[in-house]
């Protein structure tokens, strides 16, 4: 029997959540032929032992080369056919959500499908995003103005199926041809912004990202909070993804605006922003895993 969908998951100390995800998959897939591959990025808790007790997934042990590298490794270990369902370990899928996403993916020109996601309390998770621009560098979503807000806040925008610039990567169904054409996720991001980059690269090659409310999921997210290192990774990678798609001239402007915003946040309330400002101005202080310590402008 051919495989219609391959679910790929990357775990890292995910003992608390991954069982609930895997338990949700049989109902989520229904009668759709599928396979499940989990790559563990060097967990030090009981994640691997828990996974190896299960018979419903293939487990691949790895060192922590980053989230994107883990997803790519999972795809290589999976059957070389079928769409690729990227899942965070702290997500769960609603019954029949996988075939519903697949029906959208099979429409002409669609390369990526994002479902309607709920928070753990059942409220709407606003996962749709607009492409990064100089106007949106400040994360001014509270304004509700598309020119300044990358995150789509209007709940009505989540009621109908439509093409979007990109969507949060906790649950994404990707066409295999699209994935292959892009060479998978860009591993240089290590963590954060890889889904932004992937959706933008897909659009440049003619593949659209489509949001559908017909498939549902829950994503807990943010359970471990944000550290100084992760906040810095987010800031550096946002500059990188913008520069790679907009060019170096605009990237310098985006870089300068990012520094100014982080200084403002540090002064007002966000303690993690001071180390981020230093890392932006001193490349050697950036997380080594990003490989972005050789030039002032993160590339």
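Go through (1) under 30 Å from residue 109 (Cβ atoms); (2) surrounded by 18 or more Cβ atoms within 10 Å (Cβ to Cβ) one by one and return the number of the condition residue 190 breaks.
That leaves (1) as the condition not met.
Can you name the number of the only condition in (1) in a loop (DSSP other than H, G, I, E, B); (2) within 30 Å of residue 83 (Cα to Cα) that residue 137 fails?
(2)
Answer yes or no: is there a residue in the range 159-180 that is surrounded by 14 or more Cβ atoms within 10 Å (Cβ to Cβ), in contact with a helix residue (DSSP H, G or I) (Cβ under 9 Å, 6 or more places away or on another chain), more than 22 Å from residue 102 (Cα to Cα) and modelled with pLDDT of 95 or more.
No: the range 159-180 contains no residue that is surrounded by 14 or more Cβ atoms within 10 Å (Cβ to Cβ), in contact with a helix residue (DSSP H, G or I) (Cβ under 9 Å, 6 or more places away or on another chain), more than 22 Å from residue 102 (Cα to Cα) and modelled with pLDDT of 95 or more.
Just to be sure before I move on: is residue 206 modelled with pLDDT of 95 or more and assigned to a helix (DSSP H, G or I) in the structure I sent? Spell out the reasoning first.
On the way: modelled with pLDDT of 95 or more: yes; assigned to a helix (DSSP H, G or I): no.
No: the conditions fail for residue 206.
Going by what's in this entry, would residue 205 be described as farther than 28 Å from residue 107 by Cα, touching a residue at least 12 places away in the same chain (Cβ under 8 Å) and either crowded, with 16+ Cβ neighbours inside 10 Å or out of contact with any strand residue (DSSP E or B) (no Cβ under 6 Å at 6 or more places or on another chain) (or both)? First the steps, then the outcome.
Details: farther than 28 Å from residue 107 by Cα: no; touching a residue at least 12 places away in the same chain (Cβ under 8 Å): yes; either crowded, with 16+ Cβ neighbours inside 10 Å or out of contact with any strand residue (DSSP E or B) (no Cβ under 6 Å at 6 or more places or on another chain) (or both): yes.
Taking the combined requirement at face value, the residue does not satisfy it.
So which of 95, 132 ends up being buried (at least 18 other Cβ atoms within 10 Å of the Cβ) and in contact with a helix residue (DSSP H, G or I) (Cβ under 7 Å, 6 or more places away or on another chain)? Before you say what the answer is, go through the steps one by one.
Numbers: 95 fails: buried (at least 18 other Cβ atoms within 10 Å of the Cβ).
132 is the lone residue from the list that is buried (at least 18 other Cβ atoms within 10 Å of the Cβ) and in contact with a helix residue (DSSP H, G or I) (Cβ under 7 Å, 6 or more places away or on another chain).
So residue 253 fits all but one of (1) free of Cβ contacts under 8 Å to residues at least 60 places away in the same chain; (2) farther than 20 Å from residue 284 by Cα; what number is the exception?
With (1) free of Cβ contacts under 8 Å to residues at least 60 places away in the same chain; (2) farther than 20 Å from residue 284 by Cα applied to residue 253, the lone miss is (1).
Taking into account only those residues within the range 140-173 that are under 17 Å from the mean Cα position of the chain (by Cα), in contact (Cβ under 8 Å) with a residue 24 or more places away in the chain and in a loop (DSSP other than H, G, I, E, B), which is nearest to residue 109 (Cα to Cα)?
165
Does the range 275-294 hold any residues that are closer than 22 Å to residue 134 by Cα and free of Cβ contacts under 8 Å to residues at least 12 places away in the same chain, and which are they?
Answer for the range 275-294, where residues must be closer than 22 Å to residue 134 by Cα and free of Cβ contacts under 8 Å to residues at least 12 places away in the same chain: just 278.
Just to be sure before I move on: is residue 267 within 15 Å of residue 136 (Cα to Cα), touching a helix residue (DSSP H, G or I) at 6+ places or on another chain (Cβ under 9 Å), surrounded by fewer than 20 Cβ atoms within 10 Å (Cβ to Cβ) and outside the structural domain of residue 195 (by TED's automatic domain parsing) in the structure I sent?
On the way: within 15 Å of residue 136 (Cα to Cα): no; touching a helix residue (DSSP H, G or I) at 6+ places or on another chain (Cβ under 9 Å): yes; surrounded by fewer than 20 Cβ atoms within 10 Å (Cβ to Cβ): yes; outside the structural domain of residue 195 (by TED's automatic domain parsing): yes.
So residue 267 does not fit the description; no.
So residue 297 fits all but one of (1) assigned to a helix (DSSP H, G or I); (2) in contact (Cβ under 8 Å) with a residue 12 or more places away in the chain; (3) closer than 20 Å to residue 191 by Cα; what number is the exception?
Residue 297 satisfies every listed condition except (1).
The values are calculated or read from the model by the stated rules, or taken from the named source; none is laboratory data. Here the structure is a predicted model, which means the values were calculated and not measured. No Cβ is skipped: glycine too gets one built from the backbone with ideal geometry, and neighbour counts run over all protein chains shown.
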